[in-house]
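One structure is given here, and the rest of the page talks about it.
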Amino acid sequence: MIKDFKSLIISFLLFIILVCIALFVHDSFIRPFLGDSLVVIWLYFTFKTFLKVSSFWLSIFVLFIAYIIEFLQYIQILSFLGLEHIRILTIVFGSTFDINDILAYTLGWFVILFQIKYFPINTNNK
């Protein structure tokens, strides 16, 4: 059930941007770095759409998910499980660990914190 309609709209718009980046941008900055930053923000607003929880703790949870996925890339979990040939898993989990991804996720998290502090969407849910 939708708890925050504004977050749904933001999540949808971010999803469209991420798809456009994935399909049409093939560079060494926007797609890998900005895209990873936006993924964290997109996850935050997607969860915020359906969950009425503390915005700060939700942002921590989303950052934790991003870090866990990057760690799973580091240990090559898909290869270990014999699942590297399943394209959707490769898209979701990625295939290569990169420390710059950690930086990008953290930047996305700082953007979320900035939004929470200076542009709160739902003042009842700080």
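Would you say L13 is in contact (Cβ under 8 Å) with a residue 12 or more places away in the chain, surrounded by 12 or more Cβ atoms within 10 Å (Cβ to Cβ) and in a helix (DSSP H, G or I)? Don't jump to the end; show me each part of the working.
Values: in contact (Cβ under 8 Å) with a residue 12 or more places away in the chain: no; surrounded by 12 or more Cβ atoms within 10 Å (Cβ to Cβ): yes; in a helix (DSSP H, G or I): yes.
For L13, the condition - in contact (Cβ under 8 Å) with a residue 12 or more places away in the chain, surrounded by 12 or more Cβ atoms within 10 Å (Cβ to Cβ) and in a helix (DSSP H, G or I) - is not met.
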Practice prompt. Could you look through the stretch 100-121, keep only residues that are over 19 Å from I30 (Cα atoms) and either of a type in the set (D, E, K, R) or touching a helix residue (DSSP H, G or I) at 6+ places or on another chain (Cβ under 7 Å) (or both), and pick out the one that is surrounded by the fewest Cβ atoms within 10 Å (Cβ to Cβ)?
Written response: K117
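Determine, yes or no, whether D27 is on the phi < 0 side of the Ramachandran plot and part of a loop (DSSP other than H, G, I, E, B). Quick ask: steps written out before the conclusion?
Details: on the phi < 0 side of the Ramachandran plot: yes; part of a loop (DSSP other than H, G, I, E, B): yes.
When the stated conditions are applied, D27 passes them.
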Worksheet entry | Within the stretch 80-125, considering residues that are in contact with a Lys or Arg (Cβ under 9 Å, 6 or more places away or on another chain) and among the aliphatic types (A, V, I, L, M), the one farthest from F33 (Cα to Cα) | I121
Item to complete: Return the residue satisfying two criteria in turn: it lies in the stretch 52-111 and is polar (S, T, N, Q) and touching a residue at least 40 places away in the same chain (Cβ under 8 Å), and of such residues it is farthest from M1 (Cα to Cα).
Response: N100
Practice prompt. Tell me, please, whether a residue that is in a helix (DSSP H, G or I) and small (G, A, S) can be found in the stretch 87-103.
Written response: no
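Considering each of F97, F80 in turn, give the residue that is among the aromatic types (F, W, Y) and loosely packed, with under 12 Cβ neighbours inside 10 Å. It would help to see each step written out before you state the result.
Values: F97 fails: loosely packed, with under 12 Cβ neighbours inside 10 Å.
Testing whether each residue is among the aromatic types (F, W, Y) and loosely packed, with under 12 Cβ neighbours inside 10 Å leaves just F80.
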Fill in: Members of the stretch 19-30 found to be surrounded by 11 or more Cβ atoms within 10 Å (Cβ to Cβ) and under 18 Å from T106 (Cβ atoms), listed by number
I30
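Bear in mind these aren't lab numbers, they're just calculated from the coordinates by the rules spelled out. Here the structure is a predicted model, which is why all the values come from computation and not from measurement. Glycine also receives a Cβ, built like all others from the backbone with ideal geometry; neighbour counts cover every protein chain displayed.
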